[in-house]
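Read-outs throughout are calculated quantities, based only on the coordinates presented, and are distinct from any laboratory measurement. Bear in mind the structure is a predicted one, so any value in this text is a computation, not a measurement. All Cβ positions, even for glycine, are placed from backbone atoms using ideal geometry, and neighbour counts span all protein chains on display.
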Amino acid sequence: MAQTQVAVQDVSDQLIEKYGYDDHFHEHHHGDKFQTNFITHYIFSMDHKMIGKQFLITGMFWAFIGGLMSLIFRLQLGFPEENMAWLQPFLGKWIVLNDAGIGSISPEFYYAMVTMHGTILVFFVLTAGLSGTFSNFLIPLQIGARDMASPFLNMLSYWFFFLAGVVLFFSLFLSTGAFSGGWVAYPPLSALPQAASGSGAGMTLWLLSLTLFVVSVLLGGINYVTTIINMRTKGLSMWRLPLTIWAFLITAVIGLLSFPVLVSGFLLLFFDRSVGTSFYLSEIYIGGQALDHVGGSPILYQHLFWFLGHPEVYIIILPAMGIVSEVLAIHSRKPIFGYKAMVFSILAIAFLSFLVWAHHMFVSGINPYMAMIFVLFTLIIAVPSAVKVFNWIATLYGGSIRFNSANLFSIGFVSMFISGGLTGIFLGNSAIDIQLHDTYFVVAHFHIVMGVAAFFGTFAGVYHWFPKMYGRFMNEFLGKIHFWFTLIGAYLIFWPMHYLGIAGVPRRYYSFDTFETFSHFSGMNQFITIAAILVFVVQLVFVINFFYSIWYGKKVKVKNPWGATTLEWTTPINVGHGNWPGKIPTVHRWSYDYSKGERDFISQIEPLSEEEKKEGVH
Amino acid sequence: MVLLLTFLCLVLLVIVVIQIGRVSEMAGLIRGEEDVQNDSNYWNSRMGMVFMVLFLFATIASAYYYKNYMLGYGPHEAASLHGVAMDQLFNVTLFFTGIVFVLTQIVLFWFAYKYRGVEGKKALHISHDNKLELVWTAIPAVVMAILVIFGLNTWNEIMQDVGPDEDFVELEMTGYQFGWIARYPGSDGVLGSRDYRQTSGTNPLGQVWEDPANHDDIHANEIVLPVNKKVKVRLTARDVLHSFFLPHFRVKMDCVPGTPTFFVFTPTVTTEEYRQNLSKYPEYQVLEDPDDPSSRMLWETFNYELACAELCGTGHASMRMIVRVVEEHEYEQWLETQSSYYLTSIRGGDQDPFKGIDIEIDPIGEASDEDGSENKVSDSSEEIGFEENVDEDTEEVFSELMQ
């Protein structure tokens, strides 16, 4: 096997030399302009690969922080009676000691943790860390471009994200606490400092941070779209793109269309908070005082928020879907099943994602007739989603499946996506949603379908493209430990939450003691907390494996270790700036020619044979 | 100390993980890459099968185990008319999704196992099959269509407002940080008008006392409802969003400051009946406090509860109110024991616009006693409009004040 790969590698160089497009790149003194010193190479880099890695490592940092936060509130939910005084060295005044010296997590801090966990995971980890990483890293490499359309905007995109992170991180240390009104930040709770201490300075910084984040997403998104549309190499038509690129393209388009609406919503909220307008506020009596605001509607904010908020979940899951499609095909040694159906289902999901936002608002006080159209579109989304699942499963059929960490996480992704997607059918039906809305059933649903699944997609991508990122492999044994414990652990955490939700237990509760109906489940809550701690520890195995492998991992010895058809594996093992040292490869076929005829795989840069030309393949 | 211990644990973890990694790498070097990959295919595909079997078993077994305890079956069947339809819809959805869940998980892990990489075996080159795509697009589409139709029918029934000449109990619930205020319209059947600017410690709902319809309105500290009678709950909030959630009745609707909402439902099981039903299940035949043999049985302590289901601040988890569903005559009796907030707290005080003026307030319960037959259909607001009750003096004062 090793010998054939070496042979192929030689072939790929020859093919590029023979058919490649010469843009006289080597005459531009490459490397001089961008990578002369430490700062321009590692910090203010304009190289898309370095920016991708920056997004990945920053995302990992935030995942660690956000994960720790979830452990803090899980401790409160699982062990409300336990003495938390031992957390005082870390959390200071947020651990409240009673007269007997028994410490407990203060409710303000509990809600701040819940809110920050949501904000960080949704935006910083699963949007920036996932789409930011792989869109940046893979788009130019897989479409045969030297870099992004605008490397400078790309650099700005990362640094706006970084700045957003700094602002949010700073808000954790405010004396009034970080924002604590839930990641959706519904006014009036988020608009009035009287309503919650975190709604003061904490909310101001939250708004600032997320606005900076949106700038980052927009700069990145416009770059991704431009690059994919304009800078594909010769021969790489849209129908020859790997599904990763399709996913990144559509993700960027969704982001460009929906994030500005979020900012407009934030702007009005900012006005209500600072200038005394009444977009969202009306007839409020709080803190012994009747406010002047009249005529606004908090429901308006919910519309604006969810007009982003729902497409946002597809911004999170589509890149994961793209990665999984690619990884499953490569490691099953088979073309992805139903390529066109996969593309059309991405398009259908993207289109429908803009027509379903109010399914988060069935019991918000909207007109019940309006809910009907949203039920219809929400359940229709299940159709393209189901098509994707069936296609992934069909991709495995008849394959020669390589079980490595990347592919295991892809299979795990499909399992998670099925489990979490099906519960969406309950919630999307407004009549059932009356009971399940804002209960743990919702928590279980979205954590499985978009939290855990998107993480699985990220892990699949990291294990798969790590050799391209760092010229070394991640440790496979540790990767498999990581996979099995995470798969089982994630189900142990989130599956029981369905039962809690059906029992009516509301989410975002500090404690369940007050209610007889909700107080019987302490055993289950403890179980979930213990599982969460274990899963968190297992993620550290991944982090250690990641950083250890950057410097000490097994070296990649061939250009194309997985035997993949796409262009990124025709670059040198350690890719320099500009990606290809000489000519840019041109493309002659689609990206899924696996196990065709006698060949294990046929690279996209290989021209069609005479027989293939007769058959008329794409 | 805690910091140090945490740090040491982390260092230990790093060392252990790295050592495991190095050992596995070296073992791989000795055995050769291909061997390791084949071995991995063999073991991991089998582990996938074991996982799938255990996972499916665990999901089904746990669902069965929790059916009395948590799910909407047995003791926890819906206690409202529409709740039954909702639970049916839930079960129909569970049936379809359950089948899909089990089948797809089986096929996923089974294919992964069956088509694991084996030395010398080549994968098939199958790129697409349009007929198959059509089939698995059409089947979900049909199932979804069924669920949409069934679902929207149920939804429309639930969301129906009360009819123009229907008999119903009206009730207003106001959420605030952190509690609820229940307001009954009193004998005139009309909830008096409110102006949030008049809200104060003594006038928690900002009722306009000039409006005689407010004079008989009752503030209750629990929700009491007659069984088998439509209830229309008007919902408002005083400060931030709250959500009126009655888990046993399958009722939930947000309370929005400035935008009143409502929910109509019919309780079908009295609190007492619900307790009797619970007493049949062993999970509820235990003592409330296991250490205290004189304490009541768990089923005896049951109460319907109202909870808040929209994050409203630090006290979100404490917004509880007890809901009692009773027979109609018990409801009437309870109403008689309640007195109007105006009479108990406002009348004669500084806030009372009719201070020193004699007004007639229809005593509670009299109206309903006179024609208390259960099947009576009446529009109570028409029956006792406030103009009839207000004597001339008050009317003058009222019109003056309104100007």
Give me the base-10 log of I(q)/I(0) for segment B:57-136 at each q in 0.21 Å⁻¹, Debye formula, one uniform scatterer per Cα, rounded to two decimals. -1.08
In the structure shown, of A:LYS555/A:LYS583; A:LYS388/A:LYS614; A:LYS53/A:LYS555; A:LYS334/A:LYS468; A:LYS583/B:LYS122, the pairs separated by more than 24 angstrom at the C-alpha atoms are A:LYS555/A:LYS583; A:LYS388/A:LYS614; A:LYS583/B:LYS122
Cα-based Rg of segment A:149-247 per 2.2 N^0.38 Å, rounded to two decimals? 1.50
Determine Rg/Rh for segment B:103-177; Rg is computed over alpha-carbon atoms and Rh is the Kirkwood hydrodynamic estimate from the same atoms. 1.38
Cα centroid of segment A:415-485 to Cα centroid of segment B:276-342, whole Å: 39 Å
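Sort B:ARG46, B:ARG250, A:ARG599 by Cβ crowding within 10 Å, fewest neighbours at the top. Walk me through the intermediate numbers first.
Details: B:ARG46 13, B:ARG250 27, A:ARG599 16.
With the sparsest Cβ surroundings first, the list reads B:ARG46, A:ARG599, B:ARG250.
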Can you give me the three principal axis dimensions of segment A:517-596 from its C-alpha atoms, in Å, biggest first? 68, 33, 24
How compact and how long is chain B, expressed as Rg and Dmax of its alpha-carbon atoms in Å? 31.5, 106
Given the options B:GLN338, A:HIS498, B:GLN160, identify the residue whose Cα lies farthest towards the positive end of the charge dipole of the protein assembly as shown (+1 on Cβ of Lys, Arg; -1 on Cβ of Asp, Glu). A:HIS498
When A:MET469, A:MET450 are ranked with the fewest other C-beta atoms within 10 Å first, the list becomes A:MET469, A:MET450
Cα lying deepest toward the dipole's positive end in chain B, options B:VAL50, B:SER193, B:PHE263, charges on Cβ: B:VAL50
Starting with the highest mean, order B:270-283, B:83-96 by the number of other Cβ atoms within 10 Å, averaged over the residues of each peptide. B:83-96, B:270-283
Can you work out D for segment A:31-556 in µm² s⁻¹ from Stokes-Einstein, where Rh is the Kirkwood radius over C-alpha pairs, the temperature is 20 °C and the viscosity is 1.002 mPa s? 90 µm²/s
Can you sort A:SER609, A:SER511 so the residue with the fewest Cβ neighbours within 10 Å comes first? A:SER609, A:SER511
Would you please state the base-10 log of I(q)/I(0) at q = 0.10 1/Å for the protein assembly as shown, with intensities from the Debye formula using one equal scatterer on every alpha carbon? -1.21
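Using only alpha carbon positions, build the gyration tensor of segment B:177-283, then give the equivalent ellipsoid semi-axes as the square roots of 5 times its eigenvalues, largest first, whole angstrom.
Details: eigenvalues 177, 54, 30 Å².
Here the semi-axes work out to 30, 16, 12 Å.
Need one number: % antiparallel among DSSP beta bridges in the protein assembly as shown, to the nearest 5.
75 percent
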About its Cα centre, chain A carries a charge dipole, from +1 on Lys and Arg Cβ atoms and -1 on Asp and Glu Cβ atoms, whose size in debye to the nearest 20 is 1180 debye
Given the candidates A:SER511, A:PHE456, A:PHE403, the one whose Cα lies deepest towards the positive end of the charge dipole of segment A:379-528, counting +1 at each Lys or Arg C-beta and -1 at each Asp or Glu C-beta, is A:PHE403
Please average, across the residues of A:287-293, the number of beta carbons from any other chain that are within 10 Å of each residue's own beta carbon, and give a whole number. 3
With 10 Å bins from 0: P(r) over segment A:234-387, alpha-carbon pairs, percent: 10, 30, 27, 17, 10, 5, 1
